[in-house]
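Contents: one structure, followed by commentary.
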Amino acid sequence: MALFFLGPSLSAQRGTFNYYAFSKKTYYFGITLGYNSSRYQIQRSETLIQNDSIRLIQSSNGPGFNLGIVTNIKFGENMDLRFNLPTLSFAERRLEYTLPTQEVISRNIESVFLDFPIQFRYKSKPYQDVRAFFIVGAKYSLDLASNSRARKAEDLVRIQSSDILVEYGVGLQFFFPYFILSPEIKFSHGINNIHSRNDQLIYSRTIDKLFAQGITISVHFEG
């Protein structure tokens, strides 16, 4: 987060506007590094009301990180099409079950995602070598760890291996002589129910639907 505050002091090079050199390019590539925090939105099953073993189900945020290659194509002065080729994302989500004794049992669900995002980016007019932007888009996400996780399904709920999420966020571009530094914050919301319900599993039958949610703080190095 410090980059959001340090960026303007680093990029305010009075009299030199690196932006103009990059504005002539119709496309450019970059590297994305990011930290993510993700959780589930839970729709509880009616079985939970009748269940004597579990009183409450909640989801808490788990940490992760992203690594990818970004491609950016310009459409006019203020609009870009941006996609990754693809992004590798490591994530952890937690389900917490409260028992009648008030004991809380946590189940960590670790995933390795191959993400294929596509986004539209609207950019403001530059001020010296800084400009703000807003992004909106969607991504297809494939969980590479789903097969290994299925082997210990007696301890976990079963999660589907693929999902589609909508994304939106904001960020800043700082133009340097040889690259663009772009810190960004982005929110993701899954539109598919990724819970594969199994009434034979005590931790699964009390859940009706699960939807993925997350927040990602990224830094893009483009040029």
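The values are calculated or read from the model by the stated rules, or taken from the named source; none is laboratory data. As the structure is a prediction and not an experimental result, all values here were calculated from the model. Cβ: placed from backbone, ideal geometry, glycine included. Neighbour counts: every protein chain shown. Side chains are part of the model used for accessible areas, which takes the heavy atoms of the whole protein and leaves out ligands, DNA and RNA. Shrake-Rupley method; radii C 1.70, N 1.55, O 1.52, S 1.80 Å.
A few notes on this one:
- Candidate residues K24, K209: accessible-area rank, largest first, probe 1.4 Å: K24, K209
- In order along the range 191-205, the phi-based Karplus estimate (6.51 cos²θ - 1.76 cosθ + 1.60, θ = phi - 60°) of 3J(HN,Hα) comes to 10, 9, 6, 9, 8, 8, 5, 9, 5, 7, 9, 4, 7, 9, 6 Hz; Gly and Pro are listed as x.
- Built amide H within the under 5 Å cut-off of I69, gap 5+: T32, L85
- Helical runs assigned H by DSSP (4 residues or longer) give the chain a calculated mean residue ellipticity at 222 nm of -2500 deg cm²/dmol, each run adding -39500 (n - 2.57) before division by the residue total.
- Rounded accessible area per residue of the chain, 1.4 Å, Å²: 52
- Taking the chain as a Gaussian network of alpha-carbon nodes connected by springs under 10 Å, the highest mean-square fluctuation of the residues R39, R158, R55 belongs to R55.
- Listed options for log10 I(q)/I(0) by the Debye sum over Cα atoms at q = 0.08, 0.18 Å⁻¹ are (1) -0.30, -1.41; (2) -0.42, -1.12; (3) -0.37, -1.19. The value calculated from this structure is the one marked (3).
- The 1.4 Å probe gives accessible areas that order Y140, Y178, largest first, as Y178, Y140.
- Evaluated with a Cβ-only charge set (Lys, Arg +1; Asp, Glu -1), the chain carries a dipole of roughly 540 debye about its Cα centre, given to the nearest 20.
- In order along the range 162-178, phi translates into HN-Hα couplings of 9, 7, 10, 10, 8, 9, 8, x, 9, x, 10, 10, 10, 9, 10, x, 10 Hz, rounded to whole numbers, per the Karplus curve 6.51 cos²θ - 1.76 cosθ + 1.60 with θ = phi - 60° and x for Gly and Pro.
- Förster radius 30 Å - calculated FRET efficiency between V219 and R107, Cβ distance, rounded to 0.05: 0.40
- Approximate spin-label separation F187-S53, in nm, with each point projected 7 Å along Cα-to-Cβ: 3.6
- Residues with amide H under 5 Å from that of D129, placed H, sequence gap 5 or more: Q13
- Spin-label model distance (nm) - V136 vs L85, 7 Å beyond Cα toward Cβ: 2.8
- Nearest-ten-degree value, helix 2-11 long axis tilted from longest Cα axis of the chain: 10
- Surface accessible to a 1.4 Å probe, S218 within the full protein complex, Å²: 0
- Treating r as the C-beta distance of L144 and F17 and R0 as 35 Å, the FRET efficiency rounds to 0.20.
- Within a straight-line Cα-Cα reach of under 15 Å, K139 can be paired with the following aspartates and glutamates, leaving aside sequence neighbours fewer than 8 residues apart in one chain: D115, D163, E167.
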